[in-house]
Amino acid sequence: MTPLRFPSKTTPWCVQLPGRFAADRKRKTRYFKTREEAAKFVSQVKKFGLAAVHQVKSVEQSAKEFAPQVLDALERLGGDPAKLWEAVTDYERSKLSVKPATVREGIEEFCAVRKKKVARRTHDDDRWRLLRLLRAFEYHPLSSLSESDLRRFFDKIPGHSRSIYKTVKVFFRWAREYGYLALNPMDGIRPTEDWGTHKGIYAPSTFERMLRIAAGLEGPLPGEAPTKRFIALLPWFALSGFCGLRSCEAFPSFRESDAIRWGDFYFSRGFVEIRDSVAKRTRKSSSRRHIETAHYLEALRSWLALCPKGIGFVVPVRERRIGVLKTEFTRATGIKFVENGFRNSFASYALTYDGLQGVGKLALEMGNSEPVCKRFYVKTLEPRTGKAWFNLRPEGPVNVIALKGAA
C-alpha cells in the first residue's frame with residue numbers, strides 16, 4: 001500500500017487499498033492532489049484503520065470540538081495539567097512511536113523473517129497457529145491489542161491451546177523487539193493447566209500389539225492373517241516408544257529434512273547419536289545428544305532387527321506417508337493414536353523402570369530441560385511399571401540383558 005502516479009491533472013496520485021480494509025472485501029482506490037496527502041493517508045490507515053481515518057479533522061476543528069472533553073479529562077485527573085501531559089506522553093510512547101502495522105501486516109512480516117531462521121516444519125506450524133490470531137484481529141492496529149483482548153482470544157479457543165499460546169507469545173516478543181509495540185501484552189499472560197498439556201500414554205499391552213501388527217507378527221484383528229502393509233511404521237514406533245524421539249527426529253517431514261539414519265546407531269559402543277541436524281532446534285549452541293541407557297537400546301535393537309535395513313533413513317517414508325499409514329492402521333486395527341503418546345509413554349515408563357532413573361538424565365536423553373520434561377511428558381505411574389514396557393520383545397517379554405556386539 002504505497003502512493004502511485006495516476007494520469008489526472010486534478011488528482012495525480014492514488015492509493016490502492018487491499019480488500020481486507022473494506023467491508024465487502026473488494027479492492028478500493030483513493031485519489032489525492034499531492035504525494036504528501038497520499039502518504040499521510042497510508043500512514044493513518046495503517047495506524048488507525050480506514051474507518052478512523054474518515055473521521056480525522058484538522059487540528060483547529062478538533063481543538064474546538066473536543067475542548068469540553070479535554071477540560072473534563074483534566075478535571076477527572078484532579079485538575080493537574082502534569083497528569084494530563086503524562087497521559088499524552090504515555091500515548092505518544094505506546095502508539096505514536098511504534099511502527100504502524102495491522103495484525104495481518106505484522107504476522108506477514110514475522111513469517112517472512114522467521115522463515116529464514118527456523119526449520120520449515122516450525123515455520124509452517126507458526127503460520128497455521130497464527131491464523132487464529134489473524135482471523136480474530138485482522139484489521140486491528142497491532143499496537144492497540146491489549147492483554148484483555150488476548151485473554152478473551154485464548155478463552156474462545158476450544159480444546160488444547162498451549163501450542164497456539166507458545167507461537168503467539170513468540171510473535172508478540174518479536175513485535176516488541178522490532179518496534180511494532182511499546183509494551184508486550186503477552187507479558188502478563190501465563191498458560192493454565194487446561195491449555196493443553198498432553199500426557200496421554202499407551203498401555204504396554206496396546207504398544208505390544210501395535211509393534212507386532214506393524215512387524216507382521218500378528219494380524220490387525222484376531223483371526224486375521226499378518227500383513228507387512230504397516231512395516232514402515234515399525235521403526236517409528238520403536239524409536240519414539242523406546243528412545244523418546246520426536247516425530248520430526250524419527251522421520252523426515254519434507255524432502256530436504258534430516259532424520260535419524262542407520263549410521264547413527266553405535267550399539268557396540270552403547271549409544272545412539274541424535275545429530276544436530278536431526279535434533280529439534282533450540283536456543284542452545286548445539287542440540288546434539290546421545291541416548292545410552294541400556295534397556296532403552298536393547299528394546300530398540302530387538303525390534304529394529306525386524307525392519308528392512310539400508311544406509312539411509314531408518315524410517316523409509318516421510319511425514320505425509322506416515323499420516324496415510326496411521327489412518328489405515330487405525331481403520332484396520334481399531335487402535336487410535338494418542339497425541340504425542342509414544343514420547344509421553346517413554347518418559348513416564350522410563351521413570352518407573354527400576355526407581356534409579358532420575359528426571360535429569362531422562363531430560364538430557366530426550367533433549368529437554370527438567371521442568372519441561374516433568375510438566376509436559378511425565379505421567380505419574382506406580383513403581384516399576386516401566387519394566388512391562390521396556391521388556392517388550394518380538395518373541396515375547398523377557399528380562400533385559402546387557403548389550404552384546406554391534407547390531
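The values are calculated or read from the model by the stated rules, or taken from the named source; none is laboratory data. As the structure is a computational prediction, the values presented were derived from the model and not from experiment. No Cβ is skipped: glycine too gets one built from the backbone with ideal geometry, and neighbour counts run over all protein chains shown.
Some observations on this one:
- Put simply, of E36, E60 the only residue that is exposed (fewer than 15 other Cβ atoms within 10 Å of the Cβ), at pLDDT 75 or above and in a helix (DSSP H, G or I) is E36.
- Selection of helices (runs of 4 or more DSSP H) fully inside the stretch 116-192 by the criterion of at least 3 residues being of a type in the set (A, V, I, L, M, F, W, C) and within 30 Å of A279 (Cα to Cα) returns 120-137, 162-177.
- Within the stretch 179-214, being modelled with pLDDT of 95 or more and in contact with a Leu (Cβ under 6 Å, 6 or more places away or on another chain) holds for E208, A214.
- Unique match (being assigned to a loop (DSSP other than H, G, I, E, B), in contact (Cβ under 8 Å) with a residue 40 or more places away in the chain and among the charged types (D, E, K, R)) among E328, E339: E339
- Note on the stretch 105-115: residues that are closer than 27 Å to S277 by Cβ and surrounded by fewer than 17 Cβ atoms within 10 Å (Cβ to Cβ) total 4.
- The set of residues in the stretch 139-176 that are acidic (D, E) and either within 20 Å of the chain's Cα centre (by Cα) or under 30 Å from N340 (Cα atoms) (or both) contains only D155.
- Residue match in the stretch 215-230 (condition: hydroxyl-bearing (S, T, Y), out of contact with any Cys (no Cβ under 8 Å at 6 or more places or on another chain) and more than 18 Å from R301 (Cα to Cα)): yes
- For L297, the criteria (1) among the hydrophobic types (A, V, I, L, M, F, W, C); (2) farther than 17 Å from L211 by Cβ; (3) in contact (Cβ under 8 Å) with a residue 40 or more places away in the chain hold in every case but one, which is (2).
- For the stretch 338-354, the count of residues that are at pLDDT below 95, farther than 23 Å from V272 by Cα, assigned by TED's automatic domain parsing to the domain that holds L300 and not aromatic (F, W, Y) is nonzero.
- S146 out of contact with any Gly (no Cβ under 6 Å at 6 or more places or on another chain), surrounded by fewer than 16 Cβ atoms within 10 Å (Cβ to Cβ), closer than 26 Å to P18 by Cβ and in contact (Cβ under 8 Å) with a residue 24 or more places away in the chain: yes
- Residues of the stretch 234-250 that are part of a helix (DSSP H, G or I), over 21 Å from R212 (Cα atoms) and of a type outside the set (D, E): C248 alone.
- Residue, modelled with the lowest pLDDT, within the stretch 88-138, restricted to residues that are among the hydroxyl-bearing types (S, T, Y) and within 15 Å of R176 (Cβ to Cβ): S94
- One residue alone among T2, T10 is surrounded by fewer than 12 Cβ atoms within 10 Å (Cβ to Cβ), under 38 Å from the mean Cα position of the chain (by Cα) and at pLDDT 80 or above, and that residue is T2.
- Restricting attention to the stretch 342-392, the residues that are more than 20 Å from S205 (Cβ to Cβ) and assigned to a helix (DSSP H, G or I) add up to 15.
- Yes/no for P81 being over 22 Å from L17 (Cβ atoms), at pLDDT 65 or above and out of contact with any helix residue (DSSP H, G or I) (no Cβ under 8 Å at 6 or more places or on another chain): no
- Some residue of the stretch 220-233 being assigned to a loop (DSSP other than H, G, I, E, B), of a type in the set (F, W, Y) and either surrounded by fewer than 15 Cβ atoms within 10 Å (Cβ to Cβ) or at pLDDT below 95 (or both): no
- Subset of the stretch 251-278 [in a loop (DSSP other than H, G, I, E, B), buried (at least 17 other Cβ atoms within 10 Å of the Cβ) and aromatic (F, W, Y)]: F251
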